[in-house]
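Peer 1: Below: one structure in C-alpha cells.
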Amino acid sequence: MALIVKKFGGSSVATTEKIKAVARRVLDGMKPEDKVVVVVSAMGDTTDDLIELARGIDKNPYHYAREMDMLLTTGEQVSIALLAMAFCSMGHKAISLTGAMVGMGTNSVHTKGRIVGIEPKRVEEALNEGNIVVVAGFQGADSFGDPVTLGRGGSDTSAVALAGALAADSCEIFTDVDGIYSADPRLVQGARKMQEITYDEMLEMARLGAGVMQPRSVEMGKHFGIPIHVRSTFTEKTGTMIREAYTMEEKDFEIRGLAHDDKVAKLAVMGVPNQPGVAHSLFSALADANVSVDMIVQSVRNIEHNVTDMVFTVAVDDLETAREIVEDVKKKLNAVSVLVEENVAKVSIVGVGMLGNPGIAARMFGALQKADVNIDIISTSEISISCLITKDKLKEAANAIHDEFFPRD
Ligand code: ADP
Ligand code: ASP
Ligand code: MG
C-alpha cells in the first residue's frame, strides 16, 4: 500500500475533457491498495479572470484582501467538484474537500497566507473509507475559519504540505512541461531538462521567478524531506526529482539554471533627505502592508542638496499598493518625485557552483553586453546573480546568458 499525493495545475484541468483525462490517468496508475490524494488548481486562467473581475470593482482590489480570498477560493472549488464527479462517473469513490475541510490552517495574511499547521483528519478518514480525496489547492482557513489563499502558484505548496502532513510515500507535481529545465523552455531555446535538482537550488530558481514551482512548496519539501517529482500531465515520461542532494553525476556545473521574472516593477523616490531613518520609514510602511521589496539601491548622495534617491522593485501585483504608500512617504519626507517603471524584468543565474568563482558574474555581464542589453540594477546572493533589465530585451538577454553557460552544439 502506498499513500500518494498528486497535484495537477490549472492548464492540466482547463476543460472538462482535460479533467476527465486527469481522472483516467490517476485511475490507470493506481493499484487497488493505494491511497490517493489529488490536489488541483483552478481551471485554466480562472484565477487571472477572477482578479480581472475584481478590478472591475476597484483598480486595486487587494485593498479588500479578505474579499479577494473569498473570490479566488471559488476557482479551486469548481475544479475539485468536477474532478470528484469525474472519478465517481468512472466508478471510483471520491470526495472533494476545500482547504478549510482538510484542516489546512493558515495565518490571516489574506492573499499571501502561510500555512501554520495541518490537521488532515478528514482526509485520513475519507481515504480509509476508500475514497480518492480531491483537495482544493491554493487555500486554507485562518483561526476565524475565513478562507485564505497562499499566493500565486500556491497549489504546489498545498500539495507538498499535505504530503508532509500525511507522511505520503510520494509527491508528484503534474504540469504542462515534462520537468524542470535549465531555463523556462518557453523563453530559452536551448533549455535542458534536468534529471534532478537540490531543494536549495530549486528554491533559489523559484524565488527568482521560475514559476514551475512556488518557492514555499520547495521549502516545505525540504522541511519534510519529501522528494518532489515534477512531471508532465500529458506524457508518461519521468520528470525531474527535487531532493536534498544529487545522486547522479550531474553535479559538476558552474550554473544550475537561469530564472526570469517579468512580473516586477521598479519604483524610485527621488530626492529624499540623506539622513538616518529615511530607509526605515519607507520600507517599514511597505512591510506593514505586506509588500515584499526585492532589489534595493540607494544612489550616491547629491552633496549639493544633501539628498539621495531610493530605488527598489516589487511584484507587479503589489505595485498599486506600493505606489500609494510611496506617494504618501514622499509627502512626509518632502521628497522631490516618485517614478514608476513597469517595462522591467529580472534575469538571474543560479548555482552552488558559483560560490567562490568570481569569473561567473563577469561572464554573465559579458553575455548581456554582446546582446546589447543594458543592466539597470544588479543584486547577488550566495548562489545567484540577478540583473534588472528592460522587459523588451528579456528574451535576447536570457538566451544570450544561457548560451554562455550552456553552449549549444
Ligand atoms: P501549473 O498550472 O501546472 O501549476 P505553471 O504555469 O504554474 O503550471 O508552471 C509551469 C510553467 O512554468 C511552464 O509552462 C513553464 O513555462 C514555466 N517555467 C518557468 N521556469 C521553468 C523551468 N526552469 N523549467 C520548467 N518550466 C518552467
Ligand atoms: N489557481 C492559483 C493560481 O493561479 C493557484 C495555482 O494555480 O497554484 O495562482
Ligand atoms: Mg503553478
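The numbers here are math on the coordinates, done by the rules we state, and not lab data. Keep in mind the model is a prediction, meaning the values are calculated, not measured. Because the Cβ atoms are built from the backbone with ideal geometry, glycine has one as well, and the counts that use them run over all protein chains shown.
Peer 1: Suppose we filter 198, 233, 240 for residues that are within 16 Å of ligand 2 (Cβ to nearest atom) and surrounded by 15 or more Cβ atoms within 10 Å (Cβ to Cβ); which single one remains?
Peer 2: Result: 233 is the single residue among 198, 233, 240 that is within 16 Å of ligand 2 (Cβ to nearest atom) and surrounded by 15 or more Cβ atoms within 10 Å (Cβ to Cβ).
Peer 1: Here's something else I'd like to know. Restricting the search to the range 31-78, which residues are of a type in the set (Gly, Ala, Ser) and under 27 Å from residue 290 (Cβ atoms)?
Peer 2: Selection gives 41, 42, 54, 56, 65, 75.
Peer 1: Inspect all residues belonging to the range 249-268 and state whether any of them is over 27 Å from the mean Cα position of the chain (by Cα) and under 19 Å from residue 329 (Cα atoms).
Peer 2: For the range 249-268, residues over 27 Å from the mean Cα position of the chain (by Cα) and under 19 Å from residue 329 (Cα atoms): absent.
Peer 1: Which ranges mark the strands (runs of 3 or more DSSP E) fully within the range 139-225 that have 3 or more residues being under 18 Å from residue 42 (Cα atoms) and within 16 Å of ligand 3 (Cβ to nearest atom)?
Peer 2: Strands (runs of 3 or more DSSP E) meeting the threshold: 170-175.
Peer 1: Within the range 16-47, count every residue that is farther than 11 Å from residue 79 by Cβ, within 16 Å of ligand 1 (Cβ to nearest atom) and not in a helix (DSSP H, G or I).
Peer 2: Going through the range 16-47 one residue at a time, the tally reaches 1.
Peer 1: Could you list, in sequence order, all residues of the range 361-392 that are touching a residue at least 40 places away in the same chain (Cβ under 8 Å) and within 21 Å of residue 263 (Cα to Cα)?
Peer 2: Within the range 361-392, 376, 377, 379, 381, 384, 386, 387, 388, 389, 390, 391, 392 meet the criteria.
Peer 1: In the range 53-62, is there at least one residue being among the β-branched types (Val, Ile, Thr), more than 14 Å from ligand 2 (Cβ to nearest atom) and within 28 Å of residue 124 (Cβ to Cβ)?
Peer 2: no
Peer 1: Which of (1) in contact with a Ser or Thr (Cβ under 6 Å, 6 or more places away or on another chain); (2) over 30 Å from residue 200 (Cα atoms) does residue 320 not meet, given it meets every other one?
Peer 2: Failing condition for residue 320: (1).
Peer 1: Next question, about the same structure. Going through the range 65-92 one residue at a time, which ones are more than 19 Å from residue 142 (Cβ to Cβ), out of contact with any Lys or Arg (no Cβ under 8 Å at 6 or more places or on another chain) and hydrophobic (A, V, I, L, M, F, W, C)?
Peer 2: 78, 80, 81, 82, 83, 84, 85, 88
Peer 1: Taking the range 51-68 on its own, how many of its residues are in a helix (DSSP H, G or I) and away from ligand 3 (no atom under 16 Å from the Cβ)?
Peer 2: 12
Peer 1: Given the conditions (1) farther than 22 Å from residue 19 by Cβ; (2) surrounded by 24 or more Cβ atoms within 10 Å (Cβ to Cβ); (3) of a type outside the set (Phe, Trp, Tyr), which single one is not true for residue 132?
Peer 2: All conditions are met except number (1).
Peer 1: Sticking with this one: For the range 201-230: of the residues being of a type in the set (D, E, K, R) and closer than 15 Å to residue 351 by Cα, which is surrounded by the fewest Cβ atoms within 10 Å (Cβ to Cβ)?
Peer 2: Only one residue fits best here, namely 207.
Peer 1: Whether any residue in the range 109-116 is surrounded by 22 or more Cβ atoms within 10 Å (Cβ to Cβ), part of a helix (DSSP H, G or I) and either in contact (Cβ under 8 Å) with a residue 24 or more places away in the chain or away from ligand 3 (no atom under 16 Å from the Cβ) (or both) is what I want to check.
Peer 2: No, there is no match, as no residue in the range 109-116 is surrounded by 22 or more Cβ atoms within 10 Å (Cβ to Cβ), part of a helix (DSSP H, G or I) and either in contact (Cβ under 8 Å) with a residue 24 or more places away in the chain or away from ligand 3 (no atom under 16 Å from the Cβ) (or both).
The rows are residues; the columns are (1) touching a residue at least 24 places away in the same chain (Cβ under 8 Å); (2) within 14 Å of ligand 1 (Cβ to nearest atom).
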| site | (1), (2) |
| --- | --- |
| 218 | yes, yes |
| 222 | no, no |
| 226 | yes, no |
| 229 | yes, yes |
| 236 | no, no |
| 241 | yes, yes |
| 246 | yes, no |
| 269 | yes, no |
| 289 | yes, no |
